[in-house]
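Questions regarding the structure given below will be posed in turn.
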Amino acid sequence: MICQKFILRSFESSNFFKYAIIKRCKTQILTENEPNEKQTHFGFQTINESEKSQKVHKVFQDVARNYDKMNDAMSFGIHRIWKDIFMMRLAPTKNTKLLDVAGGTGDIAFRFLNYMKHSNCEECHVVVSDINENMLKVGKQRSEDLKYNPKLISWQQADAESLPFKDNSFNAYTIAFGLRNVTHIEKALEEAYRVLQPGGRFMCLEFSQLNNSTLQWFYDQYSFQVIPTLGHIIAGQWHAYQYLVESIRKFPNQEKLLELVQQTGFQDITYENLSMGIVAIHSGFKL
Amino acid sequence: MSSLPLFKSILVRNARHSSIIFCKVRSFSNETIENQHDKEHNSSEIKHKILIESLKYVPEKGWSKEAITAGAEAIGYPGIIHGLFPSGGADLINFFQTDSNLKLVEKMKEFQKEAEASPVAPVDFVERAIQEKLLMIVPYKKRWPQAIAIMSLPPNVPTALASLLTLVDDICYFAGDRSVDFNWYARPIGIAGIYKASELYLIQDSSQDQKRTFEFLHRRLLEAVKIHDIICKGDSTNPDTKESIVSAFVTARNILGLNWNR
């Protein structure tokens, strides 16, 4: 708490990074005692793999209520356009059975249902899954408020790394701003491959790396200086949003993620940069 | 800082409308392992199957994503697989053109065998080949204006030109044109023009068995022969103009990225 106040008072990046480094050192010392367990990253910190899901869980537990508000504030509303483009690329057809993983507050699912409004949508269905029940709660409430047909949408708490669905049970799998928070990306991808039927499509919308170093600098300044502050003011969560910007840096870039998607067995894999690579859409087919 | 949000939002808004400029689509190309080659093969086979099936739905649904969806569903794939063909209708048209070019080559080989027994003039051979190609379009006649419109969109022009040039090259080759001089450029261009004009005539032709289109084609070819005769007899083209025209063609071809692989 004292540290946090200290940071709030001085926004210089030097202090900010010092703090991050000190924290990382601390965790490293702590974890040296148990060398047997595998390590992973949580933002810029290195932690035990078993801890990550709990930590991520806590982050989203805390931000769930203000999640959508914060998305608008941080991206100036552009995240809505990214998600619109994402749905346009998927272009669901009338018998699409969509699984939206990490889709707690329903942004993708509602776009899907809006997209299907104009076509005969008797056979289409969307399952929203999220590991976090608080996020799902927000989504369910929104779904009721917006009066979506409850027959077309169902909610399921699930871990992306072990989905409680049968093999070949969906023909589209989307994960928007979720893959970054998964401990083992490969496992999540394998699960995606498993639940998709042949001909099904995997699509991922996720933050990525800019292809221009000057813009990356501006983007970094914005991310590290402004976003945690915004998070503190709007959601009262400094650390959650510090984690957000750090985890974006730790996530594999476009090419590396594409490689992971390919290794899982997906074919006809492509990626598309939006806003010069701030986010990227990765796509693959199970053939 | 205040200009950044504006800047960003403008870019994103643009990205939405002109995906060519701001959205960079790249596919991964690092296939070294053999089973990946197999998979590639498998994937192109599936694409081929879907497109063949989709053609059946073109008269009903047009050259569109919907036709591809219907085709895919007919052979047991989920409709969502249409994402394999990001250009939608254009991919379907391009497939049709490439496929019918290949079929035409087979036909022309047959014609050539027949011609060995009773020789025909090259111009008659060309006429027959173009007729054959036009007949392939007839099942999709009602939807052909849409195809022409789609292939006239700037992003599709290079592929459209490539398939047209392949077509006329094949026709010239089988008609017996092995020339390596200026005619090698002139003839295909002339034939391409005649073919395209006949195609346009065909769209509005309501006569029995496309009789009037074929008459139109016949007249255009006779004219072409006349013009050719005049140029040959006049012998007025000096080497400089020839050279500059030839280099213009080569440049244009390189810009379009047309190599001679089909």
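The values are calculated or read from the model by the stated rules, or taken from the named source; none is laboratory data. These numbers come from a predicted model, not from an experiment. Cβ placement follows ideal geometry from the backbone for every residue including glycine, while neighbour counts extend to all protein chains displayed. The accessibility values were calculated without ligands, DNA or RNA, using every heavy atom of the protein model including side chains. Shrake-Rupley method; radii C 1.70, N 1.55, O 1.52, S 1.80 Å.
Which residues, taken from the range A:252-273, are under 26 Å from A:V59 (Cα atoms) and open to solvent by less than 10 Å² (accessible area, probe 1.4 Å)?
A:L257
Hey, another quick one. Please go through the range A:61-78 and pick out each residue that is at the interface with chain B (Cβ under 10 Å from one of its Cβ atoms) and in contact (Cβ under 8 Å) with a residue 40 or more places away in the chain.
Narrowing the range A:61-78 to residues at the interface with chain B (Cβ under 10 Å from one of its Cβ atoms): A:75-78.
The one that is at the interface with chain B (Cβ under 10 Å from one of its Cβ atoms) and in contact (Cβ under 8 Å) with a residue 40 or more places away in the chain: A:I78.
Which of the residues spanning the range A:180-201 are touching a helix residue (DSSP H, G or I) at 6+ places or on another chain (Cβ under 7 Å), crowded, with 24+ Cβ neighbours inside 10 Å and of a type in the set (A, V, I, L, M, F, W, C)?
Across the range A:180-201, the qualifying residues are A:A188, A:L189.
So, one more: Across the range A:105-123, which residue is most open to solvent (accessible area, probe 1.4 Å) among those that are under 30 Å from A:K58 (Cα atoms) and not aliphatic (A, V, I, L, M)? Lay out the reasoning, then the answer.
Looking only at the range A:105-123, we keep the residues that are under 30 Å from A:K58 (Cα atoms), and these are A:105-113.
Those still in the list that are not aliphatic (A, V, I, L, M) too: A:105-107, A:110-112.
Numbers: A:T105: 6, A:G106: 0, A:D107: 17, A:F110: 10, A:R111: 41, A:F112: 0 Å².
Across the range A:105-123, the extreme among qualifying residues is A:R111.
Criterion first (acidic (D, E) and either closer than 26 Å to A:V63 by Cβ or touching a residue at least 12 places away in the same chain (Cβ under 8 Å) (or both)) does A:E246 satisfy it? Give the derivation first.
Working: acidic (D, E): yes; either closer than 26 Å to A:V63 by Cβ or touching a residue at least 12 places away in the same chain (Cβ under 8 Å) (or both): yes.
Taking the combined requirement at face value, the residue satisfies it.
One residue is enough: does the range B:139-146 have a residue meeting the conditions open to solvent by less than 40 Å² (accessible area, probe 1.4 Å), in contact with a Gly (Cβ under 8 Å, 6 or more places away or on another chain) and at negative phi?
Within the range B:139-146 (the criterion being open to solvent by less than 40 Å² (accessible area, probe 1.4 Å), in contact with a Gly (Cβ under 8 Å, 6 or more places away or on another chain) and at negative phi), the answer is no, since none of the residues qualifies.
Oh, and also: What do you reckon, is A:L215 in contact with a Gly (Cβ under 7 Å, 6 or more places away or on another chain), surrounded by fewer than 20 Cβ atoms within 10 Å (Cβ to Cβ) and farther than 19 Å from A:A73 by Cα? Steps first, answer last, please.
On the way: in contact with a Gly (Cβ under 7 Å, 6 or more places away or on another chain): no; surrounded by fewer than 20 Cβ atoms within 10 Å (Cβ to Cβ): yes; farther than 19 Å from A:A73 by Cα: yes.
In short, no.
Among the strands (runs of 3 or more DSSP E) contained in the range A:185-287, which hold 1 or more residues that are more than 13 Å from chain B (Cβ to nearest Cβ)? Explain how you work it out, then say what you get.
On the way: elements: A:196-207, A:267-274, A:279-285.
Correct list: A:196-207.
Here's the yes/no breakdown for (1) within 13 Å of another protein chain (Cβ to nearest Cβ); (2) open to solvent by 40 Å² or more (accessible area, probe 1.4 Å):
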| site | (1), (2) |
| --- | --- |
| A:L99 | yes, no |
| A:G103 | no, no |
| A:H125 | yes, yes |
| A:N132 | no, no |
| A:K137 | no, yes |
| A:Q141 | no, yes |
| A:L146 | no, yes |
| A:P150 | no, yes |
| A:Q156 | no, yes |
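Determine if the range A:34-56 includes at least one residue that is open to solvent by 80 Å² or more (accessible area, probe 1.4 Å) and modelled with pLDDT under 50.
yes
So which residues in the range A:137-164 are assigned to a strand (DSSP E or B) and touching a His at 6+ places or on another chain (Cβ under 7 Å)? Reasoning before the result, please.
Residues of the range A:137-164 that are assigned to a strand (DSSP E or B), as a first pass: A:153-157, A:159, A:162.
None; the set is empty.
Going through B:S152, B:S118, B:S163 one at a time, which residue ends up being buried (at least 16 other Cβ atoms within 10 Å of the Cβ) and either on the phi > 0 side of the Ramachandran plot or small (G, A, S) (or both)?
On the way: B:S152 fails: buried (at least 16 other Cβ atoms within 10 Å of the Cβ); B:S118 fails: buried (at least 16 other Cβ atoms within 10 Å of the Cβ).
That would be B:S163, the only listed residue that is buried (at least 16 other Cβ atoms within 10 Å of the Cβ) and either on the phi > 0 side of the Ramachandran plot or small (G, A, S) (or both).
Being touching a helix residue (DSSP H, G or I) at 6+ places or on another chain (Cβ under 7 Å), more than 14 Å from chain B (Cβ to nearest Cβ), under 24 Å from A:R201 (Cβ atoms) and of a type outside the set (S, T, N, Q): is that true of A:D107 here?
Numbers: touching a helix residue (DSSP H, G or I) at 6+ places or on another chain (Cβ under 7 Å): yes; more than 14 Å from chain B (Cβ to nearest Cβ): yes; under 24 Å from A:R201 (Cβ atoms): yes; of a type outside the set (S, T, N, Q): yes.
Answer is yes for this residue.
Here is a follow-up. Quick check on this structure: which one of B:I80, B:I52, B:I46, B:I20 is assigned to a helix (DSSP H, G or I), more than 10 Å from every other protein chain (Cβ to nearest Cβ) and either touching a strand residue (DSSP E or B) at 6+ places or on another chain (Cβ under 9 Å) or at pLDDT below 50 (or both)? Working first, answer last.
Details: B:I80 fails: more than 10 Å from every other protein chain (Cβ to nearest Cβ); B:I52 fails: either touching a strand residue (DSSP E or B) at 6+ places or on another chain (Cβ under 9 Å) or at pLDDT below 50 (or both); B:I46 fails: more than 10 Å from every other protein chain (Cβ to nearest Cβ).
Selected residue: B:I20, the only one of B:I80, B:I52, B:I46, B:I20 that is assigned to a helix (DSSP H, G or I), more than 10 Å from every other protein chain (Cβ to nearest Cβ) and either touching a strand residue (DSSP E or B) at 6+ places or on another chain (Cβ under 9 Å) or at pLDDT below 50 (or both).
If A:Y241 satisfies every condition in (1) buried (at least 22 other Cβ atoms within 10 Å of the Cβ); (2) among the hydroxyl-bearing types (S, T, Y); (3) without any contact (Cβ under 8 Å) to a residue 24 or more places away in the chain but one, which is the exception?
Answer for A:Y241: the failing condition is (3).
Which of (1) open to solvent by 40 Å² or more (accessible area, probe 1.4 Å); (2) in contact (Cβ under 8 Å) with a residue 24 or more places away in the chain does B:G190 not meet, given it meets every other one?
So B:G190 meets the others, but not (1).
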